[in-house]
Structure formats: structure tokens, C-alpha cells
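The values are calculated or read from the model by the stated rules, or taken from the named source; none is laboratory data. Everything numeric here is computed off the predicted structure, so don't read it as measured data. Cβ atoms come from the backbone with ideal geometry, glycine included; neighbour counts cover every protein chain shown. Protein only, heavy atoms only, side chains kept; ligands, DNA and RNA dropped before computing areas. Shrake-Rupley method; radii C 1.70, N 1.55, O 1.52, S 1.80 Å.
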Amino acid sequence: MDYFFLPLEQWMNEFVNGWFLPTFSGIFNVISEVFNIFISGVTDLLLMIPAELFTIILALIAWKVSGIGLAVFTIIGFLFIGSVDMWEGAMQTLAIIIVATLVSLVIGIPVGILSAMNDGVQRIVRPILDFMQTLPSFVYLIPAVLLFGLGGVPAVMATFIFAAPPAVRMTNLGIRSVPKEIIEASRAFGSTNKQLLYKVQIPLAIPSIMAGVNQTIMLSLSMAVVASMIGAPGLGASVLTAISQVNIGLGLVAGLGIVVLAIVLDRITQGIGKGK
């Protein structure tokens, strides 16, 4: 059976290589330079802090927001990372997570608020989020490399696209879940729309928003590891090296380092969301 041939691949390649890149390459170069400075600055800051001091600070934060159990795990986990010579890789991974998460939240939370306040915006945003979440994560690496080259910047961009949807969805859900009775009572006391949003809806939606932050961080961590395929530094690069060399030991220590980061970041953000 003959099928109608649609040369979509050829059209896309001609569009990107023939017009898009020649037209906008300068803009993407500037964006790349800015983010490269940002990522390098965060990485240098994390590496500048003595490992022992960083571990103590993080353990105190874990104790404050989640209890003594997480604090002890944080100390043991980060001592392990340092003892297997993975500290620099862990800080590089953490820097990518921090930058990607910040970008995701700075864009995602306002979009979530707009979606909650306007049904028309939600109808536009929802299919975009569905597309972003259903597209395989490896596919994001192609345009990231094409537009920003190799290294930390395309890793952040790919991670942002992959990790932003939970921030949008959970912010939207949290604001829409505020009981109507509370909203009506606030309006009865003369609250403006701005006062209602900032003093009632957002504070009550904080647990849901923090759940979105938690998911964004976890997705950022998973994508930061995958992005090692396009030159992202950190623990993911060690995992990729272990795979290429069939080095079980390297894969184990790098993988355990990723697990430590994931558990600590997950429990801390959960603790903040619960307001402990």
C-alpha cells in the first residue's frame, strides 16, 4: 500500500539551517554567554565554600525543615560524596539544577498564576504543557545543542523545558483549589483582586506550589544527568564515562552521589512545603 509522502524532515532542516539559525544565531549566542556566566558563577560559588562548611549548613537546613533524621543522612551522604572524590561533580550538577530550577520557577509560577486567573490562558497553556511533558527527554537535547552548542548552557535550557511544567500546573491547581467561601469572604471585606491574590490565594496555595517546586527540582536532577550526553559537567558525566568504559565502580559511586542529592533536595523541599 502506497502512502502519501510528507517531507517534514526536509522542510524542518531547510527552515532551521536556511533561515532560523542565520537570522537568530546572534541572539542565541548572547543568551548562551549570559547563562554561561551565571552557571560558572554558581559553580564557582559552590566550589569556593569548604566542603565541611557546606555540609554543615545543608545539614542544619535539613534539620530545621525536616528533622534530625534527614540532617544525619545529609552529613553521611555528603561525607560519602567527598570521600569518593565526587565533590566537584556533585557541585557542578547542583549548579545546573539550581540555575535550571530558578529559570523554571521564574517563568513557571507567573504562568501558573495567569492560568489560574484566566481560563483563556489556561486553554492555551495546557496543550503546550502536555507537549512538553510527553515529548521524550532525549529529544530536547537536539535543539539545545543546535542553538547553544555543548556544555552547561544547553543542559540548563533542555532541563528548563523538561522541568517547568510541574511548576505551572501545581501553581494553577493550588490557586484554583482555594475554597470559594474564603474568596467570597475576602471580597466581602473589600479586598481588591491584587490583595486577594497576594494575601489570600497565593499563601493558601503555598503547599501546592512547593509540591510543584519539588517536582521541578527532581526533574531538573534527572535531566541534568541525561544532559551529560551533550557535554554537561557533573555526576552525569561520570555516569556517561562509566557506561562508555563499562566501569562498574565509577558508575556506582556517581550513581550513589546522584541518589544522595536527590533524597536531600526532595526531603528539604517537602519539609518547606509542609511548613515544618
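Think of each Lys and Arg Cβ as +1 and each Asp and Glu Cβ as -1; about the Cα centre, that makes the dipole of the chain roughly 1140 debye.
Note on Lys180/Ile243: beta-carbon distance plugged into 1/(1 + (r/R0)^6) with R0 of 45 Å gives a FRET efficiency of 0.30.
Peptides 48-61, 210-223 ranked from most to least packed give 210-223, 48-61, packing being the mean of other C-beta atoms within 10 angstrom over each peptide's residues. Peptides 15-26, 71-82, 149-160 ranked from most to least packed, by the mean per-residue count of other Cβ atoms within 10 Å: 149-160, 71-82, 15-26. With unit charges on the beta carbon (Lys/Arg positive, Asp/Glu negative), name the residue among Ala188, Leu235, Ala224 whose Cα is farthest towards the positive pole of the charge dipole of region 151-276. The Cα lying farthest towards the positive end belongs to Ala188. Based on C-alpha pairs under 8 angstrom that are at least 6 apart in sequence, region 174-276 has a relative contact order of 28 percent. For semi-axes √(5λ) of the Cα gyration tensor in Å, one of (i) 32, 19, 17; (ii) 41, 25, 15; (iii) 33, 31, 16 was computed from the structure I shared and the rest are decoys. Which label? Read-out from the structure maps to (iii). Counting 0.36 nm for each residue step from Ile76 to Arg187 and taking away their Cα separation leaves a gain of 34.9 nm.
Think of a 1.4 Å ball rolled over the protein heavy atoms: region 1-127 then has 63 Å² of accessible area per residue.
On the beta carbon distance between Asp85 and Asn29, with R0 = 30 Å, the FRET formula returns roughly 0.30. For Lys199, the accessible surface of its heavy atoms amounts to roughly 150 Å² (probe 1.4 Å, protein chains only, rounded to the nearest 10).
Between the listed residues Ser137, Val16, Ala51, the Cα displaced farthest toward the positive end of the dipole of the chain, a dipole computed from Cβ unit charges relative to the Cα centre, is found at Ala51.
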